[in-house]
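Asker: Here's a structure for you.
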């Protein structure tokens, strides 16, 4: 069956450290993968998009990697801040689809001051 | 920058009533997606439209219908509402003409069924 799993439901880290979130998928052929941030009661906010033929993308303190052999994406937040505390969702767009997103269950990140 | 606008932000209905949710995409975005997010759940795809035509259908109940209008805004119509329809309903838009463009989400409509 098709699954998208994110490493853990909750992740607590100390301010200033690097947070690493994992997204693993099975039985999908993603064309690309996106990472979103969601705060309670708000819509997901787009962070980064990485295509199947790309290994790494960066944006300011954010970095995402994509390994189609391992079927895994890693999302890193360096120099984390309490304001980074939120739920982070990975989402796949499947090759040949109408580009709807299939989401993982999310990881709730808490950055402790 | 302009974002996706959804209205209303909150809606309270009773069982068996109808509801209409509206979505105004980002200017020049030609594709609209609707998602449903239950409490503690990830968003689930319902339906999408590209250039006013339905492009794909997900787990949308037959009691729901949607359309995209000539100005690209979209409406999700929900009938015979059930308690289980209580959720956050998100609309997202993208510019499909350009390859691999991300979807941008509105802040959703919180629908509560009493």
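Since every read-out is calculated from the coordinates, none of them should be taken as a lab result. Note that the structure is a prediction, hence the values are computed from the model and not measured. Cβ placement follows ideal geometry from the backbone for every residue including glycine, while neighbour counts extend to all protein chains displayed.
Asker: For Cα pairs less than 8 Å apart in space and 6+ apart in sequence, what is the mean separation divided by the residue count of chain A, i.e. the relative contact order in percent? It would help to have the intermediate numbers written out before the result.
Answerer: Details: 278 pairs, mean separation 40.2, N = 113.
About 36 percent, as a whole number.
Asker: Separate question: What is the Cα centroid distance between region B:46-60 and region A:18-92, reported in whole angstrom?
Answerer: A separation of 25 Å, based on Cα centres.
Asker: Here's another thing I want to ask about it. Counting other beta carbons within 10 Å of each Cβ, put A:39, A:84, B:42, B:62 in order, fewest first.
Answerer: On the way: A:39 12, A:84 18, B:42 21, B:62 7.
By the 10 Å Cβ count, ascending: B:62, A:39, A:84, B:42.
Asker: Counting only other chains, and only Cβ atoms inside 10 Å, what mean value do you get across the residues of A:73-82?
Answerer: Numbers: counts 0, 0, 0, 0, 0, 0, 0, 0, 0, 0.
Going residue by residue through A:73-82 and averaging, the value is 0.
Asker: Could you work out, residue by residue across A:31-42, how many beta carbons of other chains sit within 10 Å of that residue's beta carbon, and then give the average as an integer?
Answerer: On the way: counts 2, 4, 0, 3, 1, 5, 0, 5, 1, 0, 5, 6.
Neighbouring Cβ atoms belonging to other protein chains average 3 per residue here.
Asker: Kindly put B:78, B:53 in sequence by how many other C-beta atoms sit within 10 Å of each C-beta, fewest to most. Walk me through the numbers before you get to the answer.
Answerer: Working: B:78 23, B:53 9.
Final ranking by Cβ density, sparse to dense: B:53, B:78.
Asker: Quick check on the protein assembly as shown: take the gyration tensor over C-alpha atoms, sort the square-rooted eigenvalues as a ≥ b ≥ c, and tell me if it's rounded (a/c under 1.5), prolate or oblate. Mind showing how you got there, number by number?
Answerer: Details: a/c = 1.83, a/b = 1.45, b/c = 1.26.
It is prolate, given that a/c is not under 1.5 and a/b is the larger ratio.
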